Amino acid sequence: MKKSYKIDVDCANCAAKMEEATKKTEGVKDAVVNFMTLKMNVEFEDGADPKEVMPRVLSNCKKVEDDCEIFL
Amino acid sequence: MNKKQKKTLLRIICSAVLLILLRFLPVTGIIRFFLYMIPYLLIGYDVLRKAFKGIKNRQPMDESLLMCVATMGAIILGLYEDGTGGRGDYVEAVAVMLFYQIGEWFQSVAVGKSRRNITELMDIRPDYANIETENGIEQVDPDEVETGTIIYVKPGEKIPIDGIVISGSGSLDTAALTGESLPRNISEGDEVISGCINLTTPLRIRTTKEFGESTVSKILDLVENASSRKSKSENFITRFARVYTPAVVFSALALALLPPLFRICAMGLAPMWGSYIYRALSFLVISCPCALVVSIPLTFFAGIGGASHAGILIKGSNYLETLSEVDTVVFDKTGTLTKGSFEVDGVHHSPIEESALIEIAALAESASTHPISQSLIKAYGAKPDRSRVTDIEEIAGQGIKARIDGKDIAVGNTKLMKAVGAFYIECPDDTGTIIHVSEDGKYMGHIVISDIVKPNSGEAISRLKAYGVQKTVMLTGDASKIADKVASELHVDEVHSELLPADKVSIVDRLITEHQGKGKLAFVGDGINDAPVLSRADIGIAMGAMGSDAAIEAADIVLMDDDPLKTADAIRIAGKTMRIVKENIVFAIGIKILCLLFSALGLAGMWLAVFADVGVMIICVLNSIRALLDPGRKAKKA
């Protein structure tokens, strides 16, 4: 399953860090963070519940880049 | 400006004013130190916090940490001088932090502004659809409209969903989709696509697709996800930044420690710790890679945005990069360089007016649905008056005999002419279908019908050459005679004719393997029957995507209308974008290396360091935005 989220982040490098962190989160198959459109496309693993996975994604992103936000 | 940007601006102004005031205050010693700490913390508290969190989360190598180490180092040097009876310099530390924040602020405003600009260019998303309910006309979310629903589009509104006009006629502004400024005329029964703006009269449209499947959704999806396919240059920058920052930190450390140690041990001189630490700190400030990290993706995004405004959709920045390296362009003939529909190309040997001959032929063919008949009727320009025609007799493989205005007319090929005993003249220009006409057994001349070359095809080929394309190739399934004529008319370098669809793939394959050097090959087709070739070529360009899903899927670049000039436009935009990317890379890295050298040798202080960081970034960002402006077209009204 794929979902798209709006995000807020300050720089392209920070967006790249968010992408890395999201990819490493359990339950996420693949992720693309688009700095220019401020959007994040997340592909979840089969059987993973986005509602359960996304808070973990957010906290992982906060760890690498404090100044980011994902609008869930 | 958003709230965060306004707040930062306020902090910048306050601390700048404080900094100036403090220079005139006659205080000394530790009080002076604390006073200077007010603007420093005011402007830098978030950077300090971020650096601290970075260390805590084991992500220390970022620019916040560089700024903290550099400014705190400068402050400690100042304290040391104060302590040894001198007058420490705290201004520099505060100024460096201040300029860093100005740079960040500028970057954030510029990126936000260009982001808005680009999304405005692509502002084709319809907000609502008007549908008829029991309570009259209601506005609903386009997502909720089912296929086959009748929607109303008032003048000035966007068509929200693809469909067919069932009543009303008028003109549509398709500029947002095709970049074409001339309005398109439509009437009952015509297919219309979403994203066009209705200009004149109210229209009733029966939808043929769901919103998610409509042209406008597909285009938005394509453009918004475009920059997720990253180019080599972008990947290079990300990798570069990853290696570069740690490398600079260790060099700075070496610069602070090694020369003083060398001076003590090998030369027996005073170590000059302060001076070398200061140089190392400047080194750190210069090193921020932000100019590159920000401006390169911004350039690609601006290039893709500018192109989509011109009706050229590029699926990713990697394709933009490849497109700029194209030196061979392969065209499909039918539908790409030619219109793909038959038209009257000429009238020869006619003793009467050309239009009169076409009128006779159109009348004779008025009952037929054959494409040739249709093109004759189209050339006639009006609906044939069927009452003038009687005794229509269709002779298979020959043509049509009929009585028109009391005369026996025969319209067909040479066999028919022989049959009616007319002395026909063979057409030497054997590149189309020849329609002979006779009246009461007397030869009246012939009409040549062929697939017409698009008016811009020749111009497109010559512009491609001007933009550095070395070779143009045309592929077609048509007979070689017709292909050669078109090719010589357009000055195409190489022609392959009488091909089956599978042959096209093998020819493109051969062209790619035989090709020397690093130039890339682009294939331009209309998306019908050539999906395999589109995907085999280095770059597949599909033309006239309005409505053709297969083309959007298979191609890397989609031209919204079927004007071959857009191919040349696409290559020009790609070239310009890549030029800006290279300029930025060379400029940013060049200036940084120069400044790093200067500061290592002690020729430059923190002031130059701040310019190297902030100034270079501002210049690069401004340069990136140029990619959005396409000089080939008029700039969009502000």
For the range B:59-218, just the Cα atoms, rotate onto the principal axes and tell me the three extents in Å, largest first. 91, 33, 27
Label points 7 Å out from Cα along the Cβ direction at B:Glu138 and B:Thr513: separation in nm? 6.3 nm
Please report, in cubic angstrom per residue, the volume enclosed by the convex hull of the alpha-carbon atoms of chain B. 214 Å³
Quick check on chain B: helices-only [θ] at 222 nm, where DSSP H runs of length 4 and up contribute -39,500 (n - 2.57) each and the sum goes over total residues. Nearest 500, please. -16000 deg cm²/dmol
Relative contact order of the range B:461-548, please, whole-number percent, based on alpha carbon pairs below 8 angstrom and at least 6 residues apart. 21 percent
Between B:Met1 and B:Val17, what length in nm is gained on full extension when 0.36 nm per residue of separation is reduced by their alpha carbon distance? 3.6 nm
In the range B:340-453, how does Rg compare with the Kirkwood Rh, expressed as the Rg/Rh ratio over alpha carbon atoms? 0.92
What is the helix-to-structure angle for B:290-309, meaning the angle in degrees between its Cα long axis and the longest Cα principal axis of chain B, kept from 0 to 90 and rounded to the nearest 10? 20 degrees
With each pseudo-label sitting 7 Å past Cα toward Cβ, what's the B:Leu258-B:Glu498 distance in nm, one decimal? 7.2 nm
Compute the relative contact order of the range B:276-405 as a whole-number percentage, counting only Cα pairs closer than 8 Å that sit 6 or more residues apart in sequence. 13 percent
In the range B:340-453, lysine pairs closer than 16 Å at Cα, eight or more apart or cross-chain: 6
Relative to the longest principal axis of the C-alpha atoms of chain B, give the angle of the C-alpha long axis of helix B:63-83, reported between 0 and 90° and rounded to the nearest 10°. 20 degrees
With Cα coordinates, the longest principal axis of chain B makes an angle with the long axis of helix B:616-625, in degrees rounded to 10, of 10 degrees
When each of A:Lys39/B:Lys209; A:Lys51/B:Lys56; A:Lys23/B:Lys582; B:Lys209/B:Lys454; B:Lys333/B:Lys454 is checked by Cα-Cα distance, pairs over 20 Å: A:Lys39/B:Lys209; A:Lys51/B:Lys56; A:Lys23/B:Lys582; B:Lys209/B:Lys454
Can you work out the FRET efficiency for the pair B:Ser480 and B:Lys378, with r the C-beta to C-beta distance and R0 = 25 Å, to the nearest 0.05? 0.35
Pair-distance profile P(r), taking every C-alpha pair of the range B:1-86, with 10 angstrom steps and integer %: 15, 37, 34, 12, 1
In whole percent, what relative contact order does chain B give with Cα contacts below 8 Å and a gap of six or more residues? 14 percent
Which distance in Å, rounded to a whole number, links the C-alpha centroids of the range B:200-223 and the range B:54-101? 57 Å
Would you mind getting me the FRET efficiency between B:Phe423 and B:Ile395? Use the beta-carbon distance for r and R0 = 22 Å, nearest 0.05. 0.70
Between the range B:270-325 and the range B:440-510, what is the C-alpha centre distance in whole Å? 43 Å
Grab the Cα-Cα distance for B:Ile38 and B:Leu629, subtract it from 0.36 nm times how many residues apart they are, and report the gain in nm with one decimal. 208.4 nm
Expressed in nanometres to one decimal, the distance between label points 7 Å along Cα→Cβ at B:Lys465 and A:Glu52 is 6.6 nm
Could you calculate the contour length gain from B:Ala247 to B:Arg58, that is, 0.36 nm times the residue separation minus the distance between their Cα atoms, to one decimal place in nm? 66.3 nm
Normalised per residue, the volume inside the convex hull of the alpha-carbon atoms of the protein assembly as shown in Å³ amounts to 217 Å³
Shielding of B:336-342 by other chains, given as the mean Cβ count within 10 Å, works out to 0
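All of the numbers you see were taken from the coordinates with simple rules; none came from a lab. Just so it is clear, the structure is predicted and the values come from calculations on it, not from any experiment. Cβ coordinates were reconstructed from backbone atoms using ideal geometry, including for glycine residues, and neighbour counts include every protein chain displayed.
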